[in-house]
Structure formats: structure tokens, C-alpha cells
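K.L.:
First the structure, which I've put down as C-alpha cells, then a few questions once you've had a look.
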Amino acid sequence: MPDWTNADWVDPAYEWRPLPVPDLPDRLLVDFATRCNLRCPMCPVWGLEDETQIAPLKGIMNLSAAREMLDEFTTKKPMVAPSIYGEPLLIPNLRQVLKDVKSRGMPLALNTNGLTLTESIAKYFCDIAVDSVVFSIVFSALAEIASWPAKSPFGLVVYAPAIVFSIRVLRNSPKLADNQ
């Protein structure tokens with residue numbers, strides 16, 4: 001890393017020193033699949049109103065490429081957050097991706113709207129010791145959910161955390177939270 005302490009733009013009165021930058025990050029934000037089932041207005045990807053701008057962003061990471069990438073981080077073991085700009089429950093090979101992360105000893109933190117969570121997946125989260133699950137839904141998205149046939153937005157929002165909680169009640173993981 002270049003030493004910028006004596007650069008022209010540094011005021012010596014503040015005794016500024018650059019922070020060290022690690023060789024590998026403490027957190028790894030990976031879009032294993034760029035997909036989402038909501039269109040939250042503040043999202044820089046799925047909140048776009050023009051579908052032609054969203055279409056080129058959609059994709060699924062090849063499983064072998066994902067494994068190669070994870071292998072590069074096994075010495076650091078960063079916390080992995082899958083699909084940070086999408087819905088992780090829509091990763092086609094979700095169980096295998098999560099297993100690959102956990103088998104490398106990496107902490108795993110999911111941020112999900114939970115709308116497609118099943119009891120089977122919730123049990124899997126507990127079985128492989130997912131470290132954290134945050135249920136996040138923007139209230140402006142509730143109007144969209146309410147328009148879905150035969151769905152209650154309140155019921156869907158409450159159901160997902162409840163099934164994970166009921167399965168993990170005697171275990172230490174995953175930690176549960178909501179960001180509302």
C-alpha cells in the first residue's frame with residue numbers, strides 16, 4: 001500500500017495516518033444468483049423501474065466457479081453474505097452453496113425477505129448451523145405482495161421467522177433478527 005502520509009493533500013496538523021488494509025476482507029458479499037422476488041424502491045438493482053436495465057444484471061454463478069472463489073478465502077474465513085443484491089432463497093442450488101460455505105469453516109449470514117422460505121429450508125439452516133438470518137422486508141413492498149393471488153402480506157412476513165424460530169428453539173443457531 002502506498003504511503004500517503006506526506007502527500008500534498010494531507011494536512012500535517014491532523015497527524016493523519018492511513019488505516020491498514022488487509023490482504024483479504026473480513027466480509028465476502030457474493031451474488032451466487034442475482035434474482036429477487038420484490039421490487040423495493042431503494043434497491044439499486046431491483047428498484048429500477050426499467051426492466052431493460054435489470055435484465056442484464058440477472059445471472060447465476062456457476063457452482064464450480066463459486067467453489068474456486070471460496071477456496072481463495074479459506075485462510076481468512078470471512079463472513080459470507082450470499083446474494084446481497086438479491087434474494088438468497090432464490091439461489092437455484094441453495095443447499096449446496098450454503099454447505100460449500102460452511103464446509104470451509106466460514107461464518108454465513110443471510111438477509112432474506114423470507115417470502116419463499118419453507119420449513120425444509122429453515123431446518124437446513126439449523127442443521128448446517130447458519131450463523132445469522134435477518135428477515136428484511138420493506139413496507140412499501142407489502143402492497144406488491146398484497147397483489148399476489150391468495151397471499152396475505154402480514155401472514156407471509158410473520159410465517160418465515162416463526163418457522164425458523166420453532167426449529168432452532170433448542171439450538172444456538174441461527175441467530176434471528178429483523179431490520180424493521
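The values are calculated or read from the model by the stated rules, or taken from the named source; none is laboratory data. Just so we're clear, the structure is a prediction, and the values are computed from it rather than from any experiment. Reconstructed Cβ throughout: ideal geometry from the backbone, glycine too, with neighbour counts over all protein chains shown.
K.L.:
All but one of (1) without any contact (Cβ under 8 Å) to a residue 24 or more places away in the chain; (2) among the aliphatic types (A, V, I, L, M); (3) in contact with a Phe, Trp or Tyr (Cβ under 8 Å, 6 or more places away or on another chain) hold for residue 60; which doesn't?
P.N.:
Here residue 60 clears every test but (1).
K.L.:
I would also like to ask the following. Can you spot a residue in the range 71-92 that is free of Cβ contacts under 8 Å to residues at least 24 places away in the same chain and in a helix (DSSP H, G or I)?
P.N.:
No, the range 71-92 contains no residue that is free of Cβ contacts under 8 Å to residues at least 24 places away in the same chain and in a helix (DSSP H, G or I).
K.L.:
Filter the range 14-30 down to residues that are in contact with a Phe, Trp or Tyr (Cβ under 7 Å, 6 or more places away or on another chain) and aliphatic (A, V, I, L, M) and give me whichever is farthest from residue 73 (Cα to Cα).
P.N.:
This residue is 28.
K.L.:
Being free of Cβ contacts under 8 Å to residues at least 12 places away in the same chain and not aliphatic (A, V, I, L, M), is that true of even one residue in the range 35-47?
P.N.:
So far as the range 35-47 goes, yes, one or more of its residues are free of Cβ contacts under 8 Å to residues at least 12 places away in the same chain and not aliphatic (A, V, I, L, M).
K.L.:
Which residues, taken from the range 52-80, are more than 24 Å from residue 23 (Cα to Cα), more than 18 Å from the chain's Cα centre (by Cα) and either surrounded by 15 or more Cβ atoms within 10 Å (Cβ to Cβ) or not hydroxyl-bearing (Ser, Thr, Tyr) (or both)?
P.N.:
53, 54, 55, 56, listed by residue number.
K.L.:
Further question: Any idea which of (1) surrounded by 12 or more Cβ atoms within 10 Å (Cβ to Cβ); (2) closer than 24 Å to residue 136 by Cβ; (3) not β-branched (Val, Ile, Thr) is the one residue 42 doesn't satisfy?
P.N.:
So residue 42 meets the others, but not (1).
K.L.:
Among the residues of the range 81-97 satisfying the criterion of being more than 15 Å from residue 69 (Cβ to Cβ) and aliphatic (A, V, I, L, M), which is surrounded by the most Cβ atoms within 10 Å (Cβ to Cβ)?
P.N.:
89
K.L.:
Could I ask something else about it? Looking at (1) in a strand (DSSP E or B); (2) more than 22 Å from residue 135 (Cα to Cα), which is the only condition residue 105 fails?
P.N.:
All conditions are met except number (1).
K.L.:
Continuing with the same structure: For residue 110, all conditions in the list (1) in contact with a Ser or Thr (Cβ under 9 Å, 6 or more places away or on another chain); (2) farther than 21 Å from residue 136 by Cα; (3) surrounded by 19 or more Cβ atoms within 10 Å (Cβ to Cβ) hold save one; what is the number of the exception?
P.N.:
Condition (2) is where residue 110 drops out.
K.L.:
Yes or no: the range 36-49 includes at least one residue that is among the β-branched types (Val, Ile, Thr), modelled with pLDDT under 85 and either on the phi < 0 side of the Ramachandran plot or not in a loop (DSSP other than H, G, I, E, B) (or both).
P.N.:
Within the range 36-49, one or more residues are among the β-branched types (Val, Ile, Thr), modelled with pLDDT under 85 and either on the phi < 0 side of the Ramachandran plot or not in a loop (DSSP other than H, G, I, E, B) (or both).
K.L.:
Name the single residue that is surrounded by the fewest Cβ atoms within 10 Å (Cβ to Cβ) among those in the range 124-135 being in contact with a helix residue (DSSP H, G or I) (Cβ under 8 Å, 6 or more places away or on another chain) and modelled with pLDDT under 90.
P.N.:
126
K.L.:
Go through the residues of the range 15-33 one by one and say whether even a single one is surrounded by fewer than 14 Cβ atoms within 10 Å (Cβ to Cβ), in a helix (DSSP H, G or I) and modelled with pLDDT of 85 or more.
P.N.:
no
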